[in-house]
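Below you'll find the structure, written out as structure tokens, and then a few comments.
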Amino acid sequence: MGAFRGLPIVAASIPEGIVHIAEEAFSGCQALESVRLPPGLSFIGRKAFYGCISLARIDIPDGVECIGEGAFADCLRLESASVPGSADYLGSWAFSGCASLREAEIPSGLGIIREGTFSDCISLAGMPIPGDVTEIEDMAFFKCMALRGAEIPEGVSHIGRGAFSDCISLSRLSLPRSLGSMGSSAFFGITFVDEDGNFMEHRPENLRGRVFEGGDAVLKAREIC
């Protein structure tokens, strides 16, 4: 655990044959700018690259099955992230605090977007949510202040506490008929109004099955989806 933690290395090339990157292996390597991950890699441990503030790009190879909690959290310069289709687990807070992250892609098969996965990704403008997701946990997209749209697929039954709190740039939001529960402050900072401009309470029975559009943190119901 933490084999290279905090060392002033600039580049790392992990040799073929390595299948497991240990917990906190490169955590706090603030000068680290580039990493080559080998084919055959299957596991990226908890906080493996946490706080690698100079890392601008990471290519996660197909075959990786598990990305641990906070694996890339606080990688302040990371601009994009694509989780391969082989992954069946993406840990909580995996990309939290990646302030430069503009785009991200996650595969089908995860089922859940876990707690804080993209929280405080203040530059994230868009991320397609796979159609087989059934739950978006607490603070999953908390303070994604550049997020312009969110199409929540049919089948999602729960949106957690603060999941989209302070997503003040949302201009389009689609909420499924399947939505049964919402945590407190799930959409804190967003005002919902109906077709006549009347305020709508933040309750699933009021919001589900609708498409909302607008701007300046006010979203108006446009249609029933």
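The values are calculated or read from the model by the stated rules, or taken from the named source; none is laboratory data. Please read these numbers as outputs of a predicted model, since none were measured by experiment. Neighbour counts run over all protein chains shown; Cβ positions are idealised from the backbone, glycine included.
Tell me, please, whether a residue that is out of contact with any Phe, Trp or Tyr (no Cβ under 7 Å at 6 or more places or on another chain), closer than 23 Å to R77 by Cα, buried (at least 24 other Cβ atoms within 10 Å of the Cβ) and modelled with pLDDT of 95 or more can be found in the range 152-166.
Among the residues of the range 152-166, not one is out of contact with any Phe, Trp or Tyr (no Cβ under 7 Å at 6 or more places or on another chain), closer than 23 Å to R77 by Cα, buried (at least 24 other Cβ atoms within 10 Å of the Cβ) and modelled with pLDDT of 95 or more, which makes the answer no.
Condition check ((1) crowded, with 20+ Cβ neighbours inside 10 Å; (2) closer than 19 Å to C121 by Cβ; (3) among the basic types (K, R); (4) within 21 Å of the chain's Cα centre (by Cα)) across all residues:
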| residue | (1), (2), (3), (4) |
| --- | --- |
| L32 | yes, no, no, no |
| G40 | no, no, no, no |
| G45 | yes, no, no, yes |
| G51 | yes, yes, no, yes |
| R57 | no, yes, yes, yes |
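Which of the residues belonging to the range 52-69 are in a loop (DSSP other than H, G, I, E, B), touching a residue at least 24 places away in the same chain (Cβ under 8 Å) and under 20 Å from R102 (Cβ atoms)?
The answer is C52, I53, S54, A56, I60.
Starting from residues that are surrounded by 15 or more Cβ atoms within 10 Å (Cβ to Cβ) and part of a strand (DSSP E or B), keep the ones in the range 10-27 and report whichever is nearest to the chain's Cα centre (by Cα).
I21
Pull out all pairs, ordered by first then second residue, where Cβ-Cβ is under 9 Å, the residues are six or more apart or on different chains, the first lies in the range 199-224 and is over 21 Å from L147 (Cβ atoms) and surrounded by 15 or more Cβ atoms within 10 Å (Cβ to Cβ), and the second is among the aliphatic types (A, V, I, L, M) and modelled with pLDDT under 95.
Listed by first residue and then by second, the contacts come to G209/I224.
On the basis of being on the phi > 0 side of the Ramachandran plot and at pLDDT below 95, does G28 make the cut?
On the way: on the phi > 0 side of the Ramachandran plot: yes; at pLDDT below 95: no.
No, not satisfied.
With respect to the numbered conditions (1) under 15 Å from L124 (Cβ atoms); (2) among the small types (G, A, S); (3) buried (at least 19 other Cβ atoms within 10 Å of the Cβ), which one is the sole condition not fulfilled by S171?
Condition (3) is where S171 drops out.
Starting from the range 28-39, take each residue that is part of a loop (DSSP other than H, G, I, E, B) and list its partners that are among the small types (G, A, S) and modelled with pLDDT under 95, counting only C-beta distances under 6 angstrom and pairs at least six apart or across chains.
From residues that are part of a loop (DSSP other than H, G, I, E, B), the pairs are G28/G6.
Taking D74 as the residue in question, decide whether it is more than 11 Å from the chain's Cα centre (by Cα), charged (D, E, K, R) and at positive phi.
When the stated conditions are applied, D74 passes them.
Please state which one of G116, G131 is in contact (Cβ under 8 Å) with a residue 12 or more places away in the chain and buried (at least 22 other Cβ atoms within 10 Å of the Cβ).
Among G116, G131, only G116 is in contact (Cβ under 8 Å) with a residue 12 or more places away in the chain and buried (at least 22 other Cβ atoms within 10 Å of the Cβ).
Determine whether M139 is within 23 Å of I44 (Cβ to Cβ), crowded, with 17+ Cβ neighbours inside 10 Å and modelled with pLDDT under 95.
No: the conditions fail for M139.
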